[in-house]
Amino acid sequence: MSETTIAVELQGVTKRFGDVVAVDDIDLTVADGEFFSLLGPSGCGKTTTLRMIAGLELPSQGSLSIHGEEMGLRPPNKRPVNTVFQSYALFPHMDVRTNIGFGLEMRKVDKDERSDLIDWAVSLVEMDGMEQRKPNQLSGGQQQRVALARALVNRPEVLLLDEPLGALDLKLRQQMQTELKNLQREVGITFIYVTHDQEEAVTMSDRIGVMHEGRLLQIDTPEAIYERPITRFVADFIGRTNFLEATVASGDEVVLTNGDRLRVPTSHPEGTAIAVTVRPERLTVHGRGQAPEGSHRLDGVVDSAVYLGNAVTYSVSVDWMHLEIRCPASLAGDRRSPGDDVTVSFDPDHTSVVIG
Amino acid sequence: MAAVTTPGLERQAERAESRRGFLLGLPSIIYLLVFFVIPLGVVIAYSFATRTRTGRTELNSWNLEAYRRLSEEVVRAVAFRSLWFAILTTVICLALAYPLAYFISTRRPTTRNLMLVGIMIPFWSNFLIRTYAWRLLLDSDGLFTQMASGMGLGDGRILFTSKAVILGLVYGYLPFMVLPLYASIERIDWSLVEGARDLYASGWESFRRVVWPLSRPGVIAGSILVFVPSFGAFVTPAILGGNKKGLMGSYIVDQFMDSRNGPLGASLSVVVLAVMLIGTLVYFRQGGRNL
Ligand SMILES: Nc1ncnc2c1ncn2[C@@H]1O[C@H](COP(=O)(O)OP(=O)(O)O)[C@@H](O)[C@H]1O
Ligand SMILES: [Mg+2]
């Protein structure tokens, strides 16, 4: 990333509220035009991070710059960012048009230009014909669109979104996810998107930063986060997974609990307790002894088999743990039943070594 | 399955319900009837009665004489002065109460409650006594007067002047302005202010465009709660103003006592009541629109 393409940069940013460390020494660089998501469970410091970028909260420590300019004590109204709040924060006493035009009015954009921009934003979020309504006359989805238009109309350099779809029901949420993503591509504005919904983050983002207890554990593409998590928390938070406890034997070999040696690259020093994580769909079930050569094999017994329509999930107990396995229904030709002796296999390349 | 209720039974149940409600309300209905509706009827009846030459009120010949007299110069002067005092009191109360209410509602909950109790402490002692206390403070050798003189404000004595009356009214009715203002400011969602700030509004602009309009129900409620009693105030002007300048309240009392003109006193009372009634109606109309 060259200097000019950095939209937002946080260096060693920490935020304390009394004894609570809400955000703990975060380093983060978001590129221009990127759709970046901050993902993590409730209370992990996502909102606080966003509020610091917006200027609604000041860091206790660290530095924060937007397009190369140090923000320091700059108040929110002097920052080139806009926020879509989780609660929308639409002004209840103003109609849709006045709400959307508020930022332009504050910046003293002249009337004609303002009117054109509002028209543009209104049709962008497809709220035509509802401009005279007050927020309480709109549905949740419509309020969400107005909140979005109210921020986008200012053409901010960076748009901050705090769980903007949280209040919507599933169907509308999925529809809005697609619309938001398209919109972001269309207007080319950098999005920093906060969510606790891993699926939402994975489907929408260019990159994801996973947060836990105020710290940023991993920043990567959705695929890398899913396939190559580096901490147990990240692996567990993004989708379902199996953890095979192990110890590092050397730079490219670990020893599982049962003594099996597994060839996986790791940078952790010899003797470190780690876990090898394998996604359920990366495991395959075979009849006992029928697993192909070259893969890692574990013998076990089927505990349960659950048919899910498009897939079957098995729980298989190998002698020291249970494994969760997911097979596409189309490939589950010879279905296993509880009590069957099986061999489970996986390719070591499809695993990831995690700590924590 | 057979329907258990019929429309008839339903109606019967509703009627029983409303009868119960009526019985519960009966004591207060009787109280209001005896001590409010009937006296009010007497006042209205008096306002149409005739004053005999000896100052008695003759109830058997009805006329509009008392209302005609309302247009007389002295009566109008009293009414306008009262109106002016009430407006001035309201404006001063608003100017003092708004920052205070804003301050209180932005404190932490415990601090907030302490301050609210503080606002209500004066109510624990009698209004009359507190007004007399002001008289002591405002007298020539009173603390207030001495401090004012000490600060070089010339002869600081304001007792028995309009200033003293306004001061007394503001003192007396300030809590009635603070409390509704607090209630409506406290209810404002602060994320709206943050929203405004995020949309390039300065602190002042976000106050002007968001906080102030959203606190309007409190401004209206407080203004009416202060304006209405100020307009008809009697105790404060009597004690602190020395009654040198007639205000509505004392002028009405005069009519019933010294001047022995019951009908005029009654018709003035009806006017004051009408003003208060209009104020209250405006209040509820505004309240209805904002809720
Ligand atoms: N204004 C505040 N005062 C005290 N603690 C706060 C404040 N804001 C947030 N916190 C605390 O900081 C932590 C992170 O909060 P937040 O950023 O809102 O998390 P998230 O948005 O990820 O749910 C939480 O423990 C929360 O209780
Ligand atoms: Mg949050």
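The values are calculated or read from the model by the stated rules, or taken from the named source; none is laboratory data. None of these values were measured; they are calculated from a predicted model. Don't worry about glycine lacking a Cβ; one is built from the backbone with ideal geometry, like all the others, and counts go over all protein chains shown. Note: areas computed on protein heavy atoms with side chains; ligands, DNA, RNA excluded. Shrake-Rupley method; radii C 1.70, N 1.55, O 1.52, S 1.80 Å.
Considering Cα pairs under 8 angstrom that are at least six residues apart, work out the relative contact order of chain A and quote it in whole percent.
Once normalised by length, the contact order is 16 percent.
Can you list the DSSP H helices in chain B whose Cα atoms extend at least 24 Å along the helix axis and whose mean Kyte-Doolittle hydropathy is 1.6 or higher?
TM-like helix candidates: nothing returned.
In region B:183-224, which residues become less accessible by 50 Å² or more once every protein chain is in place, relative to the chain on its own, using a 1.4 Å probe?
Buried by 50 Å² or more upon assembly, which counts only protein chains, are B:LEU192, B:GLU194, B:ARG197, B:ASP198, B:LEU199, B:TYR200, B:ARG209.
How much of the accessible area of region A:230-349, in percent, comes from carbon and sulfur atoms when a 1.4 Å probe is used?
After summing per-atom areas, the C and S share lands at 48 percent.
What accessible area per residue comes out for the protein assembly as shown, rounded to a whole number of Å², with a 1.4 Å probe?
Result: 51 Å² of accessible area for each residue.
Express the relative contact order of region B:173-221 as a whole percentage, based on alpha carbon pairs under 8 Å and six or more residues apart in sequence.
Answer for region B:173-221 is 58 percent.
How far is helix A:140-152 tilted off the main Cα axis of chain A, in degrees rounded to 10, range 0 to 90?
70 degrees
Helix A:96-106 sits at what angle to the longest principal axis of chain A, using alpha carbons and giving 0 to 90 degrees rounded to 10?
70 degrees
For peptide A:93-100, compute the average count of partner chain beta-carbon atoms within 10 Å of each residue's beta-carbon.
Mean number of neighbouring Cβ atoms from other chains: 2.
Work out Dmax and Rg for the protein assembly as shown from the C-alpha atoms and quote the Rg first, both in angstrom.
Spelled out, the Cα radius of gyration and Dmax of the protein assembly as shown are 37.7, 127 Å.
Under 5 Å between amide hydrogens, which residues at least 5 positions from A:THR231 or on another chain qualify, with H placed 1.01 Å from N in the peptide plane?
The list, which skips near neighbours in sequence, is A:ILE355.
Using a 1.4 Å probe on protein heavy atoms, which residues of region A:132-169 have at least 20 Å² less accessible area in the complex than alone?
Checking the loss per residue gives A:ARG150.
Which percent, nearest 5, of DSSP beta bridges in the protein assembly as shown are antiparallel?
Bridges in the protein assembly as shown are about 75 percent antiparallel.
Give, as a single signed number, the net charge of other residues whose beta carbon lies under 10 Å from the beta carbon of A:GLU34, with Lys and Arg counted +1 and Asp and Glu -1.
Result for the local shell: -1.
Report the charge-dipole magnitude of the protein assembly as shown in Debye, nearest 20, computed about the Cα centre from +1 at each Lys and Arg Cβ and -1 at each Asp and Glu Cβ.
4780 debye
To the nearest 10 degrees, how steep is helix A:170-187 against the longest Cα principal axis of chain A, on a 0 to 90 scale?
That works out to roughly 70 degrees.
Treat each spin label as a single point 7 Å out from the Cα along the C-beta direction, and report the A:HIS286 to B:VAL43 distance in nm.
Between A:HIS286 and B:VAL43, the label points sit 10.0 nm apart.
Give the carbon-plus-sulfur fraction of the accessible surface of region A:1-135 in %, rounded to a whole number; probe 1.4 Å, heavy atoms of protein chains only.
The value for region A:1-135 is 46 percent carbon and sulfur by accessible area.
So how much accessible surface do B and A hide from each other in total, probe 1.4 Å, in square angstrom to the nearest 100?
For chain B against chain A, roughly 1900 Å² becomes buried.
Taking 0.36 nm per residue of separation and subtracting the Cα-Cα distance, what length does fully extending B:ASP139 through B:GLU65 add?
Once the chain is fully extended between B:ASP139 and B:GLU65, it gains 22.5 nm.
For region A:85-107 and region B:35-75, what is the centre-to-centre distance using only Cα atoms, to the nearest Å?
Centre-to-centre (Cα) distance: 56 Å.
Taking every residue in A:85-91, how many Cβ atoms of other protein chains lie within 10 Å of its Cβ, on average?
5
Determine the share of chain B's accessible area contributed by carbon and sulfur atoms, expressed in whole percent, with a 1.4 angstrom probe.
Answer for chain B: carbon and sulfur cover 68 percent of the accessible area.
Please compute, over every Cα-Cα pair in chain B, the percentage with a separation greater than 32 angstrom.
Percent of Cα pairs beyond 32 Å in chain B: 46.
Nearest 5 is fine: what % of DSSP beta bridges in chain A come out antiparallel, could you say?
DSSP beta bridges in chain A are roughly 75 percent antiparallel.
Which FRET efficiency value, to the nearest 0.05, is calculated for A:ASP116 and B:VAL91 with the Förster distance at 45 angstrom and r the Cβ-Cβ distance?
E between A:ASP116 and B:VAL91, to the nearest 0.05, is 0.60.
Taking the simple approach of a point 7 Å from Cα along Cα-to-Cβ for both B:ARG53 and B:MET276, what is their distance in nm?
Once both label points are built, they end up 3.7 nm from each other.
Quick one: compute the contact order of region A:240-354, relative version, from alpha carbon pairs under 8 angstrom and 6+ residues apart, as a percent.
30 percent
Considering the options B:LEU70, A:PRO280, B:TRP190, tell which one lies farthest towards the positive end of the dipole of the protein assembly as shown, charges being +1 on Lys and Arg and -1 on Asp and Glu at the Cβ, about the Cα centre.
Checked the options; the winner is B:LEU70.
As an exercise, take the mean of 1/r over every pair of distinct alpha carbons in region A:6-229, invert it, and state the Kirkwood radius in angstroms.
Every distinct Cα pair counted, the radius reaches 17.8 Å.
List the pair-distance distribution P(r) of region B:92-196, using every Cα-Cα distance, as the percent of pairs falling in each 5 Å bin from 0 up to the bin containing the longest distance, rounded to whole percents.
Percent of Cα pairs in each bin: 2, 11, 17, 17, 16, 14, 10, 6, 4, 3, 0.
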